[in-house]
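Following: one structure in structure tokens, then a few remarks.
None of the figures in this text is laboratory data; all of them are computed from the coordinates on show. Here the structure is a predicted model, which is why all the values come from computation and not from measurement. Virtual Cβ from ideal backbone geometry, glycine too; neighbours counted across all protein chains shown.
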Protein chains: 6
Amino acid sequence: MTIVVSDVPRVDDEVIEGLGHAGVATVHEAQGRIGLLACRLRPIYPGARIAGSAVTVSVPPGDNWMMHVAIEQLHAGDILVVAPTSPCEDGYFGDLLATSALARGCRGLVIDAGVRDVRDLTGMGFPVWSRAISAQGTVKETLGSVNVPLVCAGELVNGGDVIVADDDGVCVVRRADAAAVLAKAREREANEIAKRERLAAGELGLDIYSMRDRLREKGLRYV
Amino acid sequence: MTIVVSDVPRVDDEVIEGLGHAGVATVHEAQGRIGLLACRLRPIYPGARIAGSAVTVSVPPGDNWMMHVAIEQLHAGDILVVAPTSPCEDGYFGDLLATSALARGCRGLVIDAGVRDVRDLTGMGFPVWSRAISAQGTVKETLGSVNVPLVCAGELVNGGDVIVADDDGVCVVRRADAAAVLAKAREREANEIAKRERLAAGELGLDIYSMRDRLREKGLRYV
Amino acid sequence: MTIVVSDVPRVDDEVIEGLGHAGVATVHEAQGRIGLLACRLRPIYPGARIAGSAVTVSVPPGDNWMMHVAIEQLHAGDILVVAPTSPCEDGYFGDLLATSALARGCRGLVIDAGVRDVRDLTGMGFPVWSRAISAQGTVKETLGSVNVPLVCAGELVNGGDVIVADDDGVCVVRRADAAAVLAKAREREANEIAKRERLAAGELGLDIYSMRDRLREKGLRYV
Amino acid sequence: MTIVVSDVPRVDDEVIEGLGHAGVATVHEAQGRIGLLACRLRPIYPGARIAGSAVTVSVPPGDNWMMHVAIEQLHAGDILVVAPTSPCEDGYFGDLLATSALARGCRGLVIDAGVRDVRDLTGMGFPVWSRAISAQGTVKETLGSVNVPLVCAGELVNGGDVIVADDDGVCVVRRADAAAVLAKAREREANEIAKRERLAAGELGLDIYSMRDRLREKGLRYV
Amino acid sequence: MTIVVSDVPRVDDEVIEGLGHAGVATVHEAQGRIGLLACRLRPIYPGARIAGSAVTVSVPPGDNWMMHVAIEQLHAGDILVVAPTSPCEDGYFGDLLATSALARGCRGLVIDAGVRDVRDLTGMGFPVWSRAISAQGTVKETLGSVNVPLVCAGELVNGGDVIVADDDGVCVVRRADAAAVLAKAREREANEIAKRERLAAGELGLDIYSMRDRLREKGLRYV
Amino acid sequence: MTIVVSDVPRVDDEVIEGLGHAGVATVHEAQGRIGLLACRLRPIYPGARIAGSAVTVSVPPGDNWMMHVAIEQLHAGDILVVAPTSPCEDGYFGDLLATSALARGCRGLVIDAGVRDVRDLTGMGFPVWSRAISAQGTVKETLGSVNVPLVCAGELVNGGDVIVADDDGVCVVRRADAAAVLAKAREREANEIAKRERLAAGELGLDIYSMRDRLREKGLRYV
């Protein structure tokens, strides 16, 4: 029941970098408006933008023992994705764990619970997306699992899935879909550049997207 | 049932500017402690302070089609005020819509739902007060209305009402009351300057406002 | 029923300073993971870190009259701790009250309700931990009490208890325990310096804390 | 600023009765899916189903003085609609006020705050839709207004508007629209009887509403 | 840090019975509108009305081990009052613990967390006021304390304090105040009987409480 | 992207019945404390207790078109499991859809959104576990999917998984695990009968479970 899966395949670095560059909103649209974690997860400081491979951690409420187990499983470029088995806002993670995670090459933390030492984490440039900031301490008594599929903030995440996170929130991309999603995200970005210029010049979306006829058919009236 | 009201009177620019200068807390007090939108609306970045005429937009949950319709109705100096017909945190608005709104002279967005591309919006200096930050995409299938009276975050807003927004939140002033409220806000500001100096010098509110007798009558005891 | 307790003993300044230097997470752990106020209290701006003696203020919902009474009771180095008698998010405190509190040497405000004028408070460097930012005005009709024991954000606070507040939240330390808690906090800090270095060098918590045997006994399996 | 509007026109009794008979879901649909109060308002006991004319009451947080003023304004068949000027869950209303309201012919209470004595209210058959059940007492110090337009649970309500409430929630119908909405509600009910029979016999909505072609066009695939 | 206080004085049975008969709303008013637990605590079935002596239980999140320890401390007529050390909605208590508590003469449970087996508890007539109904299981790994002072749903409760609970919620009365509060509650009840009759006969609170002059002075206008 | 999976294997009826008889709390424990949906899902009336095979329905916010598509996929004994793609409390389901679902042999509905016509649904004996009761109407414009894996109230559900629901909430059991979970649930029930008798006779859990030594080792002190 409590297991650690050590051997999880990851996506190629350049695909991950490409998804990180595209950002959450674009990736989410590119894969058909799926995969967004609940917006209760917020960054502890503005401006961070990361992508990496998920190392998932299922933890009991109020118990952060498995965080230590998970850190050993981190490869350079990974992101910790932590979900408690029942809702909890305790502070599972602080500057000591962040120091250890950074030493393993971890790019950040996504947690549907709380974190603490946020001034230190900010100073270290270790980005976190969490449900709460809380100094509430935890115990080390009960086991959980690492790299099992879990639901974090309403979305299924598997070990090795790609996580993209920025000021807009957090999005998960299935490992097998990552390359295809990146291709679509790039198309989308290219397409938006042209539109942005026309919109900036004062052209209306109503005209660029040819919406006027359909609006009239649906019954829109101007008075 | 789905209409666009095109011809909405606005308040004079100098009144609007005066209200913006006074800020939300002062305007709210000056008009008798009414008109404040629910404090779940928060700015996406600190420091913005705007005032303008409301262009109201009633939208279905998860559908941002009407945003494009609304942008055509913007005059320079307007503020978009958006409310979904049932509670929704989806990201109705991002950098493309902001580019278009800015091109029309729009001063900002007040929305009882979500926005995305907040890093871009911050970079553009386009201020937003929203209930959530969410990359969750929307569809374009169902109509709504523009410049009809609507309830946004618990307050009635009409097209052409004055909106004041800053770090303290968002306040609405009826079009017909705007000049009178400005006059009272200015009185209030003048009055506060003197009080601030006395308080800074160590005088107590208990004495400045002559509260001691009334406190005693009400039964306050010092032990 | 509505009283002001004027003569409240405080803890020595150097103990208070020491606790402030240790910060919320360390103090909370040092006293056995107790005393943390609910994490719904958040700072109005990042980076503030204070400690001081509590002047408690029990206030009715929507009524800030007692704030003026409380300010007279402030000694240099005190922190206002305010709790409404039923849940309320109104803006009890703004720049005028902050000016007055600062003139009395107050170090900050902890309030399980709302504050306003947050741009001014930020400019003045007057730190606040609150449940909400709201411009909603209050009346001055009903009394409360000052320096009585009260529950603020889920924790009991007495006048004269030590309050520590930083980006991680707010913690209360009983007056009688303050010196002992400081001693433990310092031990903890000393101990963490060594650990931080080892973790930064890549050593694992699993080894530093000798967890591997106990994990195996509890049934953890690697697959 | 604090006024009582005494002379509010009401809708004819038989229209009100008809709307009450149709119920909230049907009335809400019949008027184009508008007018539903937020679903945080719940009945204190199941099974009540009422309709009546709104007597609106705007109250300060934690202060129920205006309830006594409002009761004098009740006509037989009216419903009290109460909204605090900022969010509050205190118990504004209990068995004494209900006794008084019943003596005036009041049909029930809709309140975006709390009530108490719910066992007594249930025993009296006095229905209430509220945001909370709370024994928290209130004071009588600050005025409000009666029969002014107000926003209750997210919807604008005017004195004399028709309120319909049942186990599904609470809906408001503008006074001027009541007769037309009733006509549409009756059409809707007639229409539903036939459909209910066909559905009960095992016919599918897909066929009754001829949805299959449109689903295919939109891209639905069966696998 | 984890202790069980065995020898807690209780209040006389007849005082407790009297407070239970008065009910939550009356007791809360009689002691000056204090002592009400947050209204998020709701009964699992309607109609229960109990009073008894508190046996307090401080529990870790997601861990119900101490419930077994607490049950041994129950005297006939006691009520369990349980608070987790950080917010938790897990199901700490079900039919087996209720069977055991009933065998010790326990009158009910007040818990700022979750319970399960609510159909069985209802069938047994074992009343519970809880924050949630949840089947989520807990572990038995970490200790807590019994009969220490704790904050439950926002109110301080000591072992031996009197708890009153009914459909309106839960109220705590300090052991030392119980007799005096009962006396005031009885006065209040007597006083209300007369008022209820006058109100039922159609007399207005405005006249019974002589409010008209004061309303006029405060500025109420009828239009 | 929008698909209907028609051919989903179900678990044998007698296994399903056994799980339903065991109930949510027992099944949840029997499978190792996993699979419980978030406790925000509550039954619309007390006393219902069902088990059946999941037909999953992924729906857009505010759009119930797919409900009609899903009903065609129902086999006798199935349970509809509905999740919106972003948080929504609208009323997706009412008496007409329930009539149709009942005609197909559907045993109930689990929905992380709202339902309406709850008086009718109660009268028909059609049980629903929902996040909200809301009459808010929906549109029929945008497609979703049927019998795809989805996350409902925080848990992954696949078409054909077993759903167990009662007054304690809702639990999902993987199709492949159902028989084994039933076996463990029966063991658990047998084991509890004996314990219940001993507890009812006044024996303590401390003794039945031999907890005293371990409590002492962990440091529990009686004072």
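Observations, loosely collected:
- Prolate/oblate/rounded label for segment C:147-223 (Cα gyration tensor, a/c 1.5): prolate
- Relative contact order of chain F, taken over Cα pairs closer than 8 Å and 6 or more residues apart, is 29 percent.
- Other residues lying with their Cβ under 11 Å from the Cβ of D:A76 contribute a combined charge of +1, Lys and Arg counting +1, Asp and Glu -1.
- Each copy carries B:E197; placing its label point 7 Å along the C-beta direction from Cα gives inter-copy distances of 5.8, 5.8, 6.5, 8.5, 8.9 nm, listed from smallest up.
- Computed on chain C, the Cα convex hull volume stands at 162 Å³ per residue.
- Prolate/oblate/rounded label for the protein assembly as shown (Cα gyration tensor, a/c 1.5): rounded
- For the pair segment D:167-223 and segment B:179-214, the centres of their Cα atoms are 60 angstrom apart.
- Here is the list for segment C:179-209: GluC sites (Glu not before Pro) lying in DSSP coil, each with at most 15 other C-beta atoms within 10 angstrom of its C-beta, are C:E203.
- Positive minus negative residues near C:G137 (Lys, Arg vs Asp, Glu; Cβ under 9 Å): 0
- Per residue, the convex hull spanned by the Cα atoms of segment F:64-169 measures out at 97 cubic angstrom.
- Mean separation of Cα contacts under 8 Å (6+ apart) over length of segment E:103-223, as relative contact order %: 13
- Put in line by how crowded their Cβ is, counting other Cβ atoms within 10 Å and starting with the fewest, D:K218, A:K140 read D:K218, A:K140.
- Residue-wise HN-Hα couplings along segment A:10-27, as the Karplus relation 6.51 cos²θ - 1.76 cosθ + 1.60 with θ = phi - 60° gives them from phi, are 10, 7, 4, 4, 5, 5, 4, 4, x, 5, x, 5, 5, x, 4, 4, 5, 4 Hz; Gly and Pro carry x.
- Measuring between their Cα centroids, segment A:86-117 and segment B:1-72 lie 39 Å from each other.
- Whether segment A:98-155 is rounded, prolate or oblate, judged on the alpha carbon gyration tensor where a/c under 1.5 counts as rounded: rounded
- Column: log10 I(q)/I(0), Debye, Cα scatterers of segment D:1-120, q = 0.12, 0.18, 0.21, 0.22 Å⁻¹: -0.46, -1.07, -1.41, -1.50
- Of all DSSP beta bridges confined to the protein assembly as shown, the antiparallel ones make up roughly 45%.
- With the cut-off at under 17 Å, measuring from each backbone N in segment A:1-24 to a point 7 Å along the Cα-to-Cβ line of C:R221 picks out A:1-7.
- Residues whose amide H falls under 5 Å from that of D:C106, counting only those 5 or more places apart or on a different chain, are D:G77, with hydrogens built in the peptide plane.
- The DSSP beta bridges internal to segment B:102-220 are antiparallel in roughly 60% of cases.
- For the rotation that carries chain E onto chain F, the axis lies closest to a Cβ at E:P46, 6, where the number is the distance in whole Å.
- Label-point spacing for C:A76 across the identical copies (point 7 Å from Cα in the Cβ direction), in nm and ascending order: 5.5, 5.5, 6.4, 7.4, 8.7.
- Working note: 222 nm ellipticity from helices only, DSSP H runs with n ≥ 4, each -39,500 (n - 2.57), summed and divided by the residues of chain B, gives -9500 deg cm²/dmol to the nearest 500.
- Coupling constants for segment A:105-113 follow from the phi torsions by the Karplus curve (6.51 cos²θ - 1.76 cosθ + 1.60, θ = phi - 60°), and in residue order they are x, 5, 8, x, 10, 10, 9, 8, 7 Hz; glycine and proline get x.
- For A:Y222, label point 7 Å along C-beta direction: distances to other copies, nm: 4.5, 5.1, 7.0, 7.0, 8.5
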